[in-house]
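Structure record follows, encoded as structure tokens.
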Amino acid sequence: MIFIIIALALMILGIYDIFGKNEVYKKIILKSIVIFLILFLGTRGFLGWDWYFYYPSFMEKTYIYEKGYMIYTSLIGGIFKNYIFYQVVTTTIDFIALYYIFKKYCKYPIIAFAIFFSIQGLHIEVELLRNIKAIVLFLFSLKYIEERKIIPFFILNILGVLFHTSALVYMPMYFILNHRYKERFILSLFVFGSIYYLLDLKIFQTIFNMNLNIFPDILKSKIINYREVIPTSLNRGFNIFYLERAVLFFLAYNYEKNIIIKNSSYMWIFIFLFTSELSIVSLRIGILFVYGAWLVLARSIEDTKYKGALIGLIFSICFLRIYESINFPGNKINYKYENVFFNKLNYKKREKELIESKKYLKDSHGKELLIQY
């Protein structure tokens with residue numbers, strides 16, 4: 001419930017950001033939001049799912065990740081070997097970075113934070129400690145796509161790869177995101193992707209089913225596990241997930257002026273439409289472009305005559321997002337918020353709860369599905 005309350009509060013403050021006249025107050029509110037989110041998430045207890053791996057990785061290097069991330073955590077641990085201290089430091093870095101990014105690209109950065117928090121941002125910050133660094137580094141590199149400076153672009157994104165290897169996908173974006181594609185081509189992709197999704201065609205899944213034997217056993221088992229993250233009962237078709245993408249496509253196609261942001265949102269939409277039958281692709285690759293949704297939605301309010309209607313639509317999407325994600329059965333257990341200042345953190349108790357909640361992953365009502373969608 002607390003996450004829904006915070007999302008609603010951010011949305012209400014976002015309305016003031018849009019219609020309020022006092023720029024001094026707006027700056028104070030924006031900075032207060034950043035400080036609050038740093039303290040709220042930085043001093044959280046064992047929240048979510050992936051602390052189960054990141055906590056022992058930080059404390060004892062039980063799990064080994066990419067070298068950049070391991071060096072990063074070692075540097076923080078060298079100052080003070082305390083996981084809450086680590087969370088505060090890494091959360092501070094993330095939100096200060098987002099503060100400058102949203103101020104740069106959005107006229108209304110408070111509404112951008114509301115959209116971020118509601119649409120996957122909360123879970124990315126809590127669960128994907130390596131991915132968020134790669135995403136932020138890529139967002140800082142967007143200016144070098146605009147300026148056509150390839151060396152600093154690649155330096156930032158090589159650093160991102162050192163945090164999470166999925167950031168390799170960002171490398172060709174230097175040549176893709178700045179291109180002005182013909183509107184007919186983009187519209188055709190959306191129409192074809194919509195047909196593919198709405199009719200629940202599963203061509204890729206069929207291909208994998210037919211050719212699984214060509215893969216080594218260890219890779220075959222991973223493909224099966226990743227594929228089965230999505231429950232068989234979840235049929236694609238006209239649903240809230242598709243409707244959200246359709247709204248975003250309409251806004252990007254008709255109103256977004258920044259070609260890089262426009263193409264970024266297209267990437268997020270098309271990855272979903274064409275690959276949602278294969279959860280690993282939609283999850284690991286699609287999440288890298290979710291910033292396109294944050295920015296397009298926040299920027300779409302800036303110059304429209306229909307601010308009220310658009311705000312209502314965006315807020316409806318945000319509320320449904322945060323409500324549905326928090327109310328997954330597994331998340332009802334793992335997203336019970338505790339704070340180091342007000343609660344005695346109990347590792348063994350949370351470990352037992354997390355293990356118990358994993359039964360919901362069999363039905364795909366766990367982190368994989370909530371992050372993907």
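The values are calculated or read from the model by the stated rules, or taken from the named source; none is laboratory data. As the structure is a computational prediction, the values presented were derived from the model and not from experiment. SASA here: full protein model, heavy atoms, side chains in, ligands and nucleic acids out. Shrake-Rupley method; radii C 1.70, N 1.55, O 1.52, S 1.80 Å.
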How about Lys257: which aspartates and glutamates have a C-alpha closer than 16 Å to its C-alpha, ignoring those fewer than 8 places off in the same chain?
Glu146, Glu183, Glu302, Asp303
Using the heavy atoms of the protein chains and a 1.4 angstrom probe, tell me the accessible area per residue for the chain in square angstrom.
47 Å²
Calculate, axis by axis, the spread of Cα positions in the chain along the three principal axes, and write the results as whole Å, longest axis first.
63, 55, 43
Using only the C-alpha atoms of the stretch 254-297, find the volume of their convex hull and express it per residue in Å³.
60 Å³
Mean shadow area of the stretch 90-133 over all directions, Cα convex hull, nm²
2.8 nm²
Which aspartates and glutamates have a Cα less than 15 Å from the Cα of Lys202, not counting those fewer than 8 places away in the same chain?
Glu228, Glu277
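Share of the stretch 278-361's accessible area from carbon and sulfur, percent, 1.4 Å?
60 percent
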Hey, in the GNM for the chain with a 10 angstrom Cα cutoff, which one of Ile311, Ile115, Ile203 fluctuates hardest?
Ile203
If the chain between Ile5 and Leu199 were fully stretched, how many nm would it gain, using 0.36 nm times the residue separation less the Cα-Cα distance?
66.2 nm
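Taking a threshold of 24 Å on the Cα-Cα distance, which of the pairs Lys103/Lys307; Lys104/Lys133; Lys21/Lys133; Lys61/Lys359; Lys107/Lys149; Lys67/Lys332 fall above it? Walk me through the intermediate numbers first.
Numbers: Lys103/Lys307 20 Å; Lys104/Lys133 18 Å; Lys21/Lys133 34 Å; Lys61/Lys359 27 Å; Lys107/Lys149 26 Å; Lys67/Lys332 33 Å.
Check vs 24 Å cut-off fails for Lys21/Lys133; Lys61/Lys359; Lys107/Lys149; Lys67/Lys332.
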